[in-house]
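What follows is one structure encoded as structure tokens, with my remarks underneath.
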Amino acid sequence: VLVVEDSPVLVELALRQLTILGVQADAVSTGKEAVEYALSGRYSAVLMDVNLPDITGHEAATEIRAVEYHENLKAIPIIAMTAGAMLGD
């Protein structure tokens with residue numbers, strides 16, 4: 001699994017939880033890295049923070065889907081994560 005999160009504390013928490021579940025995971029901290037790593041073919045799923053420092057998680061997911069579509073690749077599951085607790089989030 002690829003974890004995309006810019007908070008070091010949340011990265012550590014996610015990686016520890018995934019390790020407890022027996023899931024191998026790597027982490028990156030930007031949307032641009034997320035696109036590159038997700039398209040590498042090494043991951044079966046992406047846990048993507050919604051708010052990232054360069055491009056949003058939504059924008060990164062859109063870029064991933066565009067490449068998958070144009071290159072006829074199987075779509076990788078992308079699960080959005082956010083610490084936002086407001087109704088609009």
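The values are calculated or read from the model by the stated rules, or taken from the named source; none is laboratory data. The shown structure was predicted, so the numbers you read here are calculated from the model rather than taken from an experiment. Methodologically, a virtual Cβ is constructed for each residue, glycine included, from the backbone with ideal geometry; neighbour enumeration extends over all protein chains shown. Each accessible area value is taken on the protein alone, full model and side chains, heavy atoms only, with ligands, DNA and RNA left out. Shrake-Rupley method; radii C 1.70, N 1.55, O 1.52, S 1.80 Å.
Search the range 41-58 for residues being charged (D, E, K, R) and in contact with a helix residue (DSSP H, G or I) (Cβ under 6 Å, 6 or more places away or on another chain), and hand back the single one that is surrounded by the fewest Cβ atoms within 10 Å (Cβ to Cβ).
Going through the qualifying residues, I end up with Asp54.
Residues in the range 71-89 that are within 14 Å of Val4 (Cα to Cα), open to solvent by 60 Å² or more (accessible area, probe 1.4 Å) and out of contact with any Asp or Glu (no Cβ under 6 Å at 6 or more places or on another chain): how many?
Total meeting the criteria: 4.
Which of the residues spanning the range 59-70 are surrounded by fewer than 14 Cβ atoms within 10 Å (Cβ to Cβ) and among the small types (Gly, Ala, Ser)?
Listed by number, the list holds a single entry, Ala66.
Among the residues that make up the range 60-75, is at least one of them among the hydroxyl-bearing types (Ser, Thr, Tyr), over 21 Å from Asp26 (Cβ atoms) and under 13 Å from the mean Cα position of the chain (by Cα)? Lay out the reasoning, then the answer.
To start, the set of residues in the range 60-75 that are among the hydroxyl-bearing types (Ser, Thr, Tyr) comprises 62, 69.
Remaining after also requiring over 21 Å from Asp26 (Cβ atoms): 62, 69.
Now drop any that are not under 13 Å from the mean Cα position of the chain (by Cα), which leaves 62.
Yes, the range 60-75 contains a residue that is among the hydroxyl-bearing types (Ser, Thr, Tyr), over 21 Å from Asp26 (Cβ atoms) and under 13 Å from the mean Cα position of the chain (by Cα).
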